[in-house]
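Engineer: A single structure is presented below for examination.
Bear in mind these aren't lab numbers, they're just calculated from the coordinates by the rules spelled out. Computed from a predicted structure; not experimentally measured. No Cβ is skipped: glycine too gets one built from the backbone with ideal geometry, and neighbour counts run over all protein chains shown.
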Amino acid sequence: MSDRIKKVNQLLKREVSQLILREIESNDGSLTTITRADTSPNLRNSKIFVSVIPEEKQTSTVKFLNRNIYKLQQKINKRLHMRPVPKLKFVEDNKILEEERIDRLFEKLKNEKN
């Protein structure tokens, strides 16, 4: 991965996080976190990975963000001084859930060994 892609990923993660924090009202009491961004090499598309606490609201939050993508994309386009600005798509980040599952399995194995 090139340095430019890494910088764009960091920039998108920071700016989308700020946008969601300040501009999107969450009335359901959930905490939304942008965990990472994955931008295509041609800088045209970017997947924004989202983690939500509580986990039960993750799917509905991602759907809500994708339904409001037009408004979010416009705000990101105004904030970023680069061309092209990647087209955003929000995706559930299941990596954290998978890590927790693996940790539980290791803990279970450790307890069985003792």
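Engineer: Using only the alpha carbons of the range 3-113, determine the length spanned along each of the three principal axes and report them from longest to shortest in whole angstroms.
Structural biologist: If we take the Cα atoms of the range 3-113, the spans are 56, 37, 18 Å.
Engineer: Can you tell which of I102, I53, I20 shows the greatest fluctuation in a Gaussian network model of the chain with Cα springs below 10 Å?
Structural biologist: I102
Engineer: Another question about this same structure. Lysines near K71 by alpha-carbon distance under 24 Å, same-chain residues fewer than 8 away left out - which ones?
Structural biologist: Excluding near neighbours in sequence, the set is K7, K13, K47, K57, K63, K87, K89.
Engineer: Still on this structure, please answer the following. Select from I24, F90, S2 the residue farthest towards the positive end of the dipole of the chain; place +1 on Cβ of Lys and Arg, -1 on Cβ of Asp and Glu, and compute about the Cα centre.
Structural biologist: Positive-most Cα among the choices belongs to S2.
Engineer: Using the crude model of +1 on Lys and Arg Cβ and -1 on Asp and Glu Cβ, and no other charge, please compute the dipole size for the range 3-113 relative to its Cα centre, in debye to 20.
Structural biologist: Values: 25 positive and 16 negative charges, 157 e Å.
Computed about the Cα centre, the dipole is about 760 debye.
Engineer: How much of the DSSP bridge set in the chain is antiparallel, in percent, rounded to the nearest 5?
Structural biologist: On the way: 8 of 14 bridges.
So the antiparallel bridges amount to about 55 percent of the total.
Engineer: If I take R0 = 25 Å and measure r between the Cβ atoms of I102 and T59 in this structure, what FRET efficiency does the formula 1/(1 + (r/R0)^6) give, to the nearest 0.05? Intermediate results must be reported in sequence, preceding the final value.
Structural biologist: Numbers: r = 22 Å, r/R0 = 0.87.
After rounding to 0.05, the efficiency reads 0.70.
Engineer: Which residues among the range 33-51 fall inside the zone where the amide N is under 18 Å from a point 7 Å beyond the Cα of I69, along Cα→Cβ?
Structural biologist: 34-51, by backbone N distance to the label point.
Engineer: Can you tally the net charge around L31? Count Lys and Arg as +1, Asp and Glu as -1, for every other residue whose Cβ sits under 12 Å from the Cβ of L31. Each step should come with its number before you reach the end.
Structural biologist: Working: positive: K57; negative: D28, E55.
Summing Lys and Arg as +1 and Asp and Glu as -1 gives -1.
Engineer: While we're looking at this one, here's another question. Find which of L11, N77, N111 sits farthest along the positive direction of the dipole of the range 3-113, computed with +1 on the beta-carbon of Lys and Arg, -1 on that of Asp and Glu, about the Cα centre.
Structural biologist: With unit charges placed on the Cβ atoms, the residue in question is N77.
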